[in-house]
1. Checking the conditions here, which among B:Ala125, B:Ala121, B:Ala129 is modelled with pLDDT of 75 or more, within 14 Å of chain A (Cβ to nearest Cβ) and either surrounded by fewer than 19 Cβ atoms within 10 Å (Cβ to Cβ) or farther than 18 Å from B:Leu212 by Cβ (or both)?
2. What strands (runs of 3 or more DSSP E), lying completely within region A:4-118, carry at least 2 residues that are within 13 Å of the chain's Cα centre (by Cα) and closer than 24 Å to B:Ser159 by Cβ?
3. Kindly indicate whether any position in region B:176-187 is more than 13 Å from chain A (Cβ to nearest Cβ), among the small types (Gly, Ala, Ser), over 20 Å from B:Gln13 (Cα atoms) and in a helix (DSSP H, G or I).
4. Do you know which residues across region A:71-118 are free of Cβ contacts under 8 Å to residues at least 12 places away in the same chain, closer than 23 Å to A:Ala52 by Cβ and acidic (Asp, Glu)?
5. Please work out if A:Leu6 is away from chain B (no Cβ under 14 Å), within 30 Å of B:Ala200 (Cα to Cα), touching a Leu at 6+ places or on another chain (Cβ under 9 Å) and hydrophobic (A, V, I, L, M, F, W, C).
6. With the requirement that a residue be without any contact (Cβ under 8 Å) to a residue 60 or more places away in the chain and surrounded by fewer than 18 Cβ atoms within 10 Å (Cβ to Cβ), what does region B:224-241 give you?
7. May I ask you to say which residue of B:Gln208, B:Gln295, B:Gln263 is in contact with a Lys or Arg (Cβ under 7 Å, 6 or more places away or on another chain), modelled with pLDDT of 95 or more and among the polar types (S, T, N, Q)?
8. Out of B:Ile331, B:Ile316, I need the residue that is in a helix (DSSP H, G or I), in contact (Cβ under 8 Å) with a residue 24 or more places away in the chain and more than 14 Å from chain A (Cβ to nearest Cβ). Which one?
Amino acid sequence: MKYVVLIYSNPAAWRALPAEEVDRVIKVHNDLLDELAESGELVNIYRLADAANTKTLARPNELPVVTDGPFGESKEVLASLWEIDVDRVERAIEIAEPLTQHATVEVRPLMDAAGMEM
Amino acid sequence: MTTEPEVEELLRQLTPQVLGALLRRYGQFDLCEDAVQEALLAAAVQWQEKGVPERPRGWLITVAARRMTDQLRVESARRRREQAAAALSPPDELVAPGSDVDLPPDRDDTLRLLFLCCHPALSPASQVALTLRAVGGLATAQIARAFLVPEATMAQRISRAKQSIKAAGARFSLPPEEERADRLRVVLQVLYLIFNEGYAASSGPDLQRADLTTEAIRLARDLHRLLPDDGEVAGLLALMLLTDARRPARTLPDGSLVPLAEQDRRLWDADAIAEGAALITETLSRAAVGPYQLQAAIAAVHDEAAHAEETDWPQILALYQLLEGVAANPIVTLNHAVAVAMVRGPLAGLDLLATLDTDDRLAGHHRLDAVSAHLLEMAGDTAGARERYRAAARRTTSLPEQRYLEARAARLRNQAR
């Protein structure tokens, strides 16, 4: 089963962290990535550029408008996206758990092009 | 000049034999497996250019053994450097050419390999990957394509699997008698997993994946040849044949799913049905009954009806009752409920489904919603059915299933108008 792990964090809160804490959290992430690469569970990882580089597209009044920065007043923005392939959802949750330090994490299954007739 | 498919077919047949010969001589699964893969790659190139050698198996064993020799030299040199004082056997003693290059293959090599690759210390995904490579003779890139993951991911999965085998101290031998039945059950699970991965694939970019059904059937045939008396091995092979026979009718060209009752049965593979039905009939008459045999028997009853309306549902219901007796699980109960509905009416089926409402193993599972929806529709509860079809469509993670379930819900909405 393929899942994406979506890691949301607050850039302002992240920048306010002491350097040692930042290093510690980054190490947690990198160690986990090494473990997943080695076990053959990591499919892909996307590290997103700073939210300041975002172009948000919307269509408030019929005409599309492009603005700089993330949508609305969101405090938490998507920081990275991990695609994993695991046997059970419990394993996906276990993987996501250490990522919740200074972040909100979502685990969502990816749709599959295969299926069983009913 | 030999064609690519011929060479590939031959190489895949020889893979377990060559690996078996190497393992009996050297015993180190991880190194032997790497050496065999390299020999296979060399053969794939050379045999197409220069033709297949007179003794292809001996050729592969020689090339793989040479590769193994190199690896062992490197290893022992490293070890000597690490522990200069230790007196190790000279490398030539370790790697002296064996006399078994031309011995006939050991029938049980494939069996031993299956037990090794399906070792309980490995995760199901690793068991599947390693079985396809070491027994099926598929290259890592092919397995990666079939499972829609990058080659590096699959390579790591295989390498991790080999490490786990080493760590578990697993040997290239048949498991002891008292463990044999449990270990065989894992092997059958792995083969069925491979089959279903391929069977669930629809059309288009998924076609690579569909080859997995062919591969699973091939492995099940090998296993059946090695263990002809085992009823569950025969049952699994029959189940695969009888299920795969319906593959041409189960999807439309656009990839959408066709439920069993609406399939064009003229598209079914009559030869596969005849073979599967004969195999399961013969097996049920002599072996202790088990879950794969019963599922095969159910598939045979479906396959033998020329029209959906001619399906012998009382027979299927009786088989599901037996199946609940030997292998009760919520998915069996779901299918059992459909059979109950077809024989005793939708309300009786819904009563049986109600027993699953409190089962945690199915909580939030789209199949419970889908079957409930189907039975509610049969019972004439259009609004209830629509709601459950929608719930199932939200919960499934399969695009074609979602499309099918939404279409069913939409059809009921149109009827209600």
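1. After applying the criteria, what remains is B:Ala121.
2. Once the strands (runs of 3 or more DSSP E) in region A:4-118 are filtered for at least 2 residues that are within 13 Å of the chain's Cα centre (by Cα) and closer than 24 Å to B:Ser159 by Cβ, what remains is A:42-47, A:77-85.
3. Yes, that holds for at least one residue.
4. If the condition is that a residue be free of Cβ contacts under 8 Å to residues at least 12 places away in the same chain, closer than 23 Å to A:Ala52 by Cβ and acidic (Asp, Glu), then A:Glu73 is the only one that fits.
5. Numbers: away from chain B (no Cβ under 14 Å): yes; within 30 Å of B:Ala200 (Cα to Cα): yes; touching a Leu at 6+ places or on another chain (Cβ under 9 Å): yes; hydrophobic (A, V, I, L, M, F, W, C): yes.
Yes; evaluated as a whole, the condition is true for this residue.
6. Passing the criteria: B:Arg225, B:Pro228, B:Asp229.
7. B:Gln263
8. Of the residues listed, the single one that is in a helix (DSSP H, G or I), in contact (Cβ under 8 Å) with a residue 24 or more places away in the chain and more than 14 Å from chain A (Cβ to nearest Cβ) is B:Ile316.
The values are calculated or read from the model by the stated rules, or taken from the named source; none is laboratory data. All figures in this text were calculated on a predicted structure; none of them were measured in a lab. Glycine also receives a Cβ, built like all others from the backbone with ideal geometry; neighbour counts cover every protein chain displayed.
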